[in-house]
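Worksheet: the structure to be examined is printed underneath.
The values are calculated or read from the model by the stated rules, or taken from the named source; none is laboratory data. Quick caveat: nothing in here was measured; it's all calculated off a predicted structure. So basically every Cβ, Gly included, is an ideal-geometry build from the backbone, and we count neighbours across all protein chains shown. Ligands, DNA and RNA are excluded from the accessible area calculation, which covers all protein heavy atoms including side chains. Shrake-Rupley method; radii C 1.70, N 1.55, O 1.52, S 1.80 Å.
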Amino acid sequence: MQTIKSIWQKNWLGYLFLSPWLIGLLCLTAIPMAASLYLSFTNYDMFTAPQWVGFENYGDMFDDRKWLASVKVTAIFVFLGVPLQLSFALAIALLLNKGISGLKVYRAAYYVPSLFGGSVAIAILWRQLFGGDGLVNHALSLVGIEGMNWIATPDTALYTLVVLTVWQFGAPMVIFLAGLQQIPVDLYEAARIDGANKMKQFISITIPMLSPIIFFNLIMQIIASFQAFTQAYIVSGGTGGPLNSTLFYTLYLYQKGFTHFQMGYASAMAWILLFAIAIITALVFASAKKWVYYQE
């Protein structure tokens, strides 16, 4: 049986090349996570020593109306924005998969919003587009419709951010397009011979063959949407919008940690978010057995 010393002697060069990643994992991920877990059980304001309070921070959340509001806002954003974004991305991928000329140009153009969609500049632009004097209202006025300040209205503020996340469809679209190009053409030819129309081919061939790609995009976009921050922070000016209508979970976490200096409470919020993402991801993985098809 090999000892640790013999394993080290045989593989020390590999460990040496891995050392930057291992150091980063330890110093930038493992240790901060452990510290955050400890602080979640304390009362800590970053200026005095942490005071152990047990599960008090976790219990206080359920009596915190703003925390409950942030959970509701984030849930609406995720469960509305992700399906719309993936549906739009798949629709564009299907159009681009028709063999049109200049495919690379279109693919690059549609991917650009995903590169800049989460930036501060785009969030500021979005605030201007949907403001009272924005381009959206100007376009509506041309057809005789009186607009509103979409960002400042509680009933519409969140949905402007949903539109923003749908606009960032480039990354899943590129992945969908790659998956579509891997589906054997013979399957469609056989379906046409059997009399299947376009819709039947889409339901019986495209969706099953593309289901692993749909599954991957669904997981990635759910995780990303739960962690959305920049859009809500910039568009709402860091306040969470009118009547907390754009108070994302991460935005409220930021307010608690870096505005109110309740770092223990913010750490507890971060761990609740981690567990929520883990549970939802596990549920999606569990459901995959019923709808994801892997070709032998």
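Report yes if L68 is out of contact with any Phe, Trp or Tyr (no Cβ under 7 Å at 6 or more places or on another chain), assigned to a helix (DSSP H, G or I) and not assigned by TED's automatic domain parsing to the domain that holds K256, otherwise no.
Values: out of contact with any Phe, Trp or Tyr (no Cβ under 7 Å at 6 or more places or on another chain): yes; assigned to a helix (DSSP H, G or I): yes; not assigned by TED's automatic domain parsing to the domain that holds K256: no.
When the stated conditions are applied, L68 does not pass them.
List the residue pairs whose Cβ atoms are under 6 Å apart, where the first residue sits in region 103-123 and is assigned by TED's automatic domain parsing to the domain that holds L180 and assigned to a helix (DSSP H, G or I), the second is open to solvent by 60 Å² or more (accessible area, probe 1.4 Å) and at pLDDT 70 or above, and the two are 6 or more positions apart or on different chains.
Matching pairs, first to second residue: P113/W167.
From the list I193, I234, I213, I205, exactly one residue is of a type outside the set (D, E) and open to solvent by 50 Å² or more (accessible area, probe 1.4 Å). Which is it? Spell out how you get there, then give the answer.
Numbers: I234 fails: open to solvent by 50 Å² or more (accessible area, probe 1.4 Å); I213 fails: open to solvent by 50 Å² or more (accessible area, probe 1.4 Å); I205 fails: open to solvent by 50 Å² or more (accessible area, probe 1.4 Å).
Exactly one of I193, I234, I213, I205 is of a type outside the set (D, E) and open to solvent by 50 Å² or more (accessible area, probe 1.4 Å), namely I193.
Within region 42-49, is even one residue farther than 21 Å from W271 by Cα and either in contact with a Ser or Thr (Cβ under 7 Å, 6 or more places away or on another chain) or of a type in the set (S, T, Y) (or both)?
yes
Inside region 141-167, can you point out the residues that are of a type in the set (A, V, I, L, M, F, W, C) and surrounded by 14 or more Cβ atoms within 10 Å (Cβ to Cβ)? Before the answer, list the steps.
Taking region 141-167 and keeping what is of a type in the set (A, V, I, L, M, F, W, C), we get 142-143, 145, 148, 150-152, 157-158, 161-164, 166-167.
Selection gives M148, W150, I151, A152, A157, L158, L161, V162, V163, L164, V166, W167.
For K5, work out the one condition from (1) at pLDDT below 95; (2) surrounded by 11 or more Cβ atoms within 10 Å (Cβ to Cβ) it doesn't fulfil.
Status for K5: all satisfied but (2).
Please pick out the residue among G257, G240 that is in the same structural domain as W167 (by TED's automatic domain parsing) and not in a loop (DSSP other than H, G, I, E, B). Break it down into steps so the answer makes sense when it comes.
Details: G240 fails: not in a loop (DSSP other than H, G, I, E, B).
One residue alone meets the criteria, G257.
Quick one: what pairs do we get from region 157-168, first residue in contact (Cβ under 8 Å) with a residue 12 or more places away in the chain, second polar (S, T, N, Q) and open to solvent by 10 Å² or more (accessible area, probe 1.4 Å), C-beta under 6 Å, 6+ apart or different chains?
Note: pairs meeting the criteria are A157/S245; L158/S245; L161/Q231; L164/Q231; Q168/S114.
Just a yes or no: is a residue in region 15-25 of a type in the set (S, T, Y) and under 22 Å from the mean Cα position of the chain (by Cα)? Don't jump to the end; show me each part of the working.
In the first step, residues of region 15-25 are kept if they are of a type in the set (S, T, Y); the result is 15, 19.
Restricting the remaining residues to those that are under 22 Å from the mean Cα position of the chain (by Cα) gives none.
No, region 15-25 contains no residue that is of a type in the set (S, T, Y) and under 22 Å from the mean Cα position of the chain (by Cα).
Look through L135, L129, L90, L96 and report the one residue that is in the same structural domain as M220 (by TED's automatic domain parsing), open to solvent by 50 Å² or more (accessible area, probe 1.4 Å), out of contact with any strand residue (DSSP E or B) (no Cβ under 7 Å at 6 or more places or on another chain) and among the aliphatic types (A, V, I, L, M). Steps first, answer last, please.
Details: L129 fails: open to solvent by 50 Å² or more (accessible area, probe 1.4 Å); L90 fails: open to solvent by 50 Å² or more (accessible area, probe 1.4 Å); L96 fails: open to solvent by 50 Å² or more (accessible area, probe 1.4 Å).
Matching residue, one of L135, L129, L90, L96: L135.
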